[in-house]
1. What is the angle, in °, between the Cα long axis of helix 93-102 and the longest principal axis of the Cα atoms in the chain? Nearest 10 is fine, range 0 to 90.
2. What shape does segment 134-206 have by the C-alpha gyration tensor, where a ≥ b ≥ c are the square roots of the eigenvalues, rounded means a/c under 1.5, and otherwise prolate means a/b greater than b/c and oblate the rest?
3. Please label the shape of segment 1-104 as rounded, prolate or oblate, based on the square roots a ≥ b ≥ c of the eigenvalues of the alpha-carbon gyration tensor (a/c under 1.5 means rounded; beyond that, a/b larger than b/c means prolate, else oblate).
4. In degrees from 0 to 90, rounded to the nearest 10, what is the angle of the helix 112-124 Cα long axis to the longest principal axis of the chain?
5. What number, in nm² with one decimal, is the all-direction average of the projected area of the convex hull of the alpha-carbon atoms of the chain?
6. I'd like the orientation of helix 140-152 relative to the chain: the angle between its Cα long axis and the longest Cα principal axis, in ° from 0 to 90, rounded to 10.
7. Suppose we look only past 11 Å in the calculated P(r) of segment 58-98. What percent of the Cα-Cα pairs does that tail hold?
8. Expressed as a whole number of Å, what is the distance separating the alpha-carbon centroids of segment 37-109 and segment 139-159?
């Protein structure tokens with residue numbers, strides 16, 4: 001049986017405040033695949049997630065799970081960027097997860113079935129021990145476990161993750177990646193994973209979308225993470241090398257500019273879209 005596309009984008013253009021975010025973007029992500037979205041700050045990674053969530057209109061054809069994007073699609077789970085939470089906020093971990101079940105119709109009480117689903121998801125992500133703690137007093141790794149539980153408790157078919165590893169140490173990064181890997185293997189769901197550093201998820205990545213200053217390139221990791229493709233995107237000499245099993249992107253100065261660092265160069269001819277099959 002041939003898998004259908006979880007995401008289909010054809011000839012899409014997005015401009016914000018008169019600035020081109022991407023032009024003529026064409027991308028297909030089959031069901032059950034893992035797409036890593038990479039690029040510097042302001043390149044449009046989060047904007048792509050907003051388009052898929054129906055929060056931001058874009059030109060061309062955009063389909064999510066076979067339909068145009070729309071707000072409140074319960075078949076989509078969303079893990080937002082991590083932000084500081086007031087330690088005195090009177091919201092428990094389980095309350096946050098419960099919003100993934102009926103947050104659009106918040107009320108006191110609720111069905112026993114919803115409570116059971118929340119308890120099961122808390123256990124699945126290893127968050128049962130701090131489910132009744134105030135979320136603002138938890139560590140960054142604990143908060144991310146709860147955000148993932150909130151995104152998954154509604155049993156989505158598509159999971160959108162916006163920098164879920166940001167500000168986490170390597171130990172917590174591995175834990176979060178393993179949670180997402182386990183869910184995908186168990187459910188056969190599709191993942192779109194926005195990140196500055198592709199290395200933690202490279203082993204599970206089927207496709208890479210790189211967006212840089214209006215340019216883009218999409219394809220298999222071995223097609224996109226190359227010196228030729230990255231130099232073309234950035235409009236400057238860029239070397240992509242393997243160091244101890246990790247992908248490292250270097251400018252022609254030899255300074256490390258990939259992974260956890262931003263590329264400190266602006267691409268030339270940034271209005272020209274670049275695509276890879």
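Every number here is computed from the coordinates shown, using simple stated rules; none is lab data. Since this is a predicted model, take the numbers as computed values, not measurements.
1. 80
2. Judged from the Cα gyration tensor, segment 134-206 comes out oblate (a/c at least 1.5, b/c at or above a/b).
3. oblate
4. Tilt relative to the chain: about 50 degrees.
5. If you wrap the Cα atoms of the chain in a convex hull and average its projections, you get 15.5 nm².
6. The answer is roughly 80 degrees.
7. Values: 642 of 820 pairs.
Above the 11 Å cut-off, segment 58-98 has 78 percent of its Cα pairs.
8. With segment 139-159 and segment 37-109 each reduced to a Cα centre, they are spaced 11 Å.
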